[in-house]
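Here's the structure, in structure tokens; my notes come after.
The values are calculated or read from the model by the stated rules, or taken from the named source; none is laboratory data. Only a predicted model underlies this, so the values are computations on that prediction, with no experimental measurement involved. Quick reminder, even Gly has a Cβ in these numbers, built from the backbone with ideal geometry, and neighbours come from all protein chains shown. Ligands, DNA and RNA are stripped out before the accessible areas are found, and what is left, the full protein with its side chains, is counted by its heavy atoms. Shrake-Rupley method; radii C 1.70, N 1.55, O 1.52, S 1.80 Å.
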Amino acid sequence: MDHEQKFKKEDVTVVDTNIAKKTVFATSLGNAMEWFDFGIYAYLAVTIGKVFFSEIDPSHQLIYSLATFAIAFIARPIGGLVFGMMGDRIGRKKILSITLIMMAIATLSIGLIPSYSSIGIYAPILLIIARLIQGFSTGGEYAGAMTFIAESTPDKKRGFMASGLEVGTLAGFSAGAGLVTFITFLLGPEKMVEWGWRIPFLIAGPLGFIGLYFRTRLEETPAFEAMIKEEEKKHHTSLKEIVINHWKPLLICIGIVLFYNTMSYMVLTYMPAYLTQELGYGETKGLVLMIIVMIIMMPIILTMGHLSDRIGRNRIITGALIGVILLSVPAFMMIGNGNNYIVFCGLLLLSSLLAAFQGALPATLPSLFFTKVRYGSLAITYNISTSLFGGTTPLVIAWLVGITKNSMFPAYYLMTVCLFGLIIVSLFVKETAGKSLRGSPPVVKEQSEIQELLKNPDKALWWKEEVQEMKEKGMNKQGII
């Protein structure tokens, strides 16, 4: 869009709410399939340790299993770079189909790998290869899904609709955990180690192709299509140009994702192992508690997404950060209490704070970047931060708890990263609730909203001041905006 031209009625995109809902459903369903696959591994961490690291001291098997979980995050930044840059060039829809296929095949492969007792060292090697493929595909998946939903929904409903992505994530995690729990209940621990652990991985493959069916029926996002139509020069932004010209939002995104994913992986991935290994809970009991908590989280996420559209995303995020800083120690004291009801309340307290992040951040993160570089920038920064800080959280915490013998260490860890997050959000994140995405014209759900926008074009294109600054620095010549 030429920002020197007058803002016109034709610049506004009107999105059918029903189509937007279908887009959210299909994208979230595909995301649920991906996280179903990831969730299976997380909730089978103890069993996988026994299958693939049977020759190692039992007290260290979980750490090796979590290390194999964490190793996938080496490939995530590479996948984010490859798929993110491609997504900004050829479209969001195509990339999201590719990532889903790769994840389904890699997950199915894990279920077919022989155990350590059958083929020795080749078993964990094959497991690591499959996990790297999972990580590579996930590198393009979540950022792409956030971008797709953010660009396909009305500005005033973006928070609520984007929160549906995290509901899909939890649905996938819950389904994976539920399946693992059910199979463990039916077969018992011994048969689970022998062969039962394979069943969830074998089921996950076909489910991925169901998600693919729905995704292939989506239309490309209005923001991407508008950008393609309006561009006279087919200049593809390079990684170097993104880093040089967008370093500030890149760093902000890394800071946000640091506390977001540390909290997410702490609660959803590490907690089942924490309950089993550190607090002595039976595997089934710990999983059942987490499944109930995740089901309760889903309506909380949607509520927080709705509230973020009404009162602002920054208020929701800031409130949750303060809550984590003040309540992490009490929550972990409750979790370590031993009484089932008190333990459940502790888990629910932490999970509710996470749900606030999940309700507001899927709409916040895509808004940091301009349309032309959104997918690539978000995929690169999200996955670098996740790989360095989020995905390694279960491994680092398990190791720290092991050497310090202090079961409260996870609480101190959360408090530290959220204090850092509070500084980032308070000082550097501009409120974007109800506003158009950077670099894109407004998106509305009704024709009647257009006249209001035409009366106040500066408000409709609030990001024009940023564009002017970028032009003065010569970025427009490089095709950045």
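Here, region 1-135 is characterised by an Rg to Rh ratio of 1.18, where Rg is the alpha-carbon radius of gyration and Rh the Kirkwood radius.
Is the shape of region 98-164 best called rounded, prolate or oblate, per the rule: a/c under 1.5 gives rounded, else a/b larger than b/c gives prolate, else oblate, with a ≥ b ≥ c the square roots of the Cα gyration tensor eigenvalues?
The shape class here is prolate.
Spacing of the modelled spin labels on Met333 and Arg315, each 7 Å from Cα toward Cβ, amounts to 3.1 nm. Packing around the peptides 316-325, 406-415, 41-50, taken as the average count of other Cβ atoms within 10 Å per residue, puts them in this order, highest first: 41-50, 316-325, 406-415. For region 323-388, pairs of C-alpha atoms spaced more than 18 angstrom apart make up 56 percent of the total.
The stretch between Arg217 and Ile101, if pulled fully straight at 0.36 nm per residue, gains 40.2 nm over its current Cα-Cα span.
Here the contact order of region 1-132, divided by its residue count and restricted to Cα pairs under 8 Å and six or more residues apart, works out to 28 percent. Residue-wise HN-Hα couplings along region 120-125, as the Karplus relation 6.51 cos²θ - 1.76 cosθ + 1.60 with θ = phi - 60° gives them from phi, are x, 4, 5, 5, x, 5 Hz; Gly and Pro carry x.
When Rg and the Kirkwood Rh are both derived from Cα coordinates, the Rg/Rh ratio for region 156-195 amounts to 1.34. Over 19 Å between Cα atoms: which of Lys9/Lys229; Lys372/Lys464; Lys8/Lys464; Lys157/Lys455; Lys21/Lys464 fall into that group? Check vs 19 Å cut-off fails for Lys157/Lys455; Lys21/Lys464. Dipole orientation for region 89-224: of the candidates Gly176, Gly120, Ala104, Ala104 has the Cα lying most toward the positive pole (charges on Cβ; Lys, Arg +1; Asp, Glu -1). The portion of the accessible surface of region 369-481 made up by carbon and sulfur, rounded to a whole percent, is 58 (1.4 Å probe; DNA, RNA and ligands excluded).
Suppose only helical runs count, i.e. DSSP H with n ≥ 4. What mean residue ellipticity at 222 nm does that imply for the chain under -39500 (n - 2.57) per run, divided by all residues and rounded to the nearest 500 deg cm²/dmol?
Per the formula, -24500 deg cm²/dmol.
Indicate the gyration tensor shape class of region 127-171 (rounded, prolate or oblate), computed on the Cα atoms with a ≥ b ≥ c the square roots of the eigenvalues: a/c under 1.5 is rounded; otherwise a/b larger than b/c is prolate and the rest oblate. It comes out oblate by the Cα gyration axes.
Across region 293-435, the volume of the C-alpha convex hull divided among the residues equals 115 Å³ per residue.
The length gained on full extension between Lys94 and Ile19, counted as 0.36 nm times the residue separation minus their Cα-Cα distance, comes to 25.1 nm.
Remark: relative contact order (region 100-139) = 55 percent; criterion is Cα-Cα distance under 8 angstrom and separation of 6 or more residues. The value of relative contact order for the chain, using C-alpha pairs under 8 Å at least six residues apart, is 27 percent. Here's how it looks for Val14: its modeled amide H is under 5 Å from those of Val444, which are all 5 or more places away or on a different chain. About its Cα centre, the chain has a charge dipole of approximately 480 debye under the convention of +1 per Lys or Arg Cβ and -1 per Asp or Glu Cβ, with nothing else charged.
For region 251-358, what does the alpha-carbon gyration tensor say about shape, rounded, prolate or oblate, given a ≥ b ≥ c as the root eigenvalues, a/c under 1.5 as rounded, and a/b over b/c as prolate? Here region 251-358 falls in the prolate category. Region 246-273 and region 81-133 have Cα centres spaced 22 Å apart.
Using a probe radius of 1.4 Å on heavy atoms only, what accessible surface per residue do you get for the chain? Whole Å² is fine.
With all protein chains present, the chain gives 40 Å² per residue.
Heavy-atom accessible surface of Tyr64, to the nearest 10 Å², is about 110 Å², with a 1.4 Å probe and all protein chains retained.
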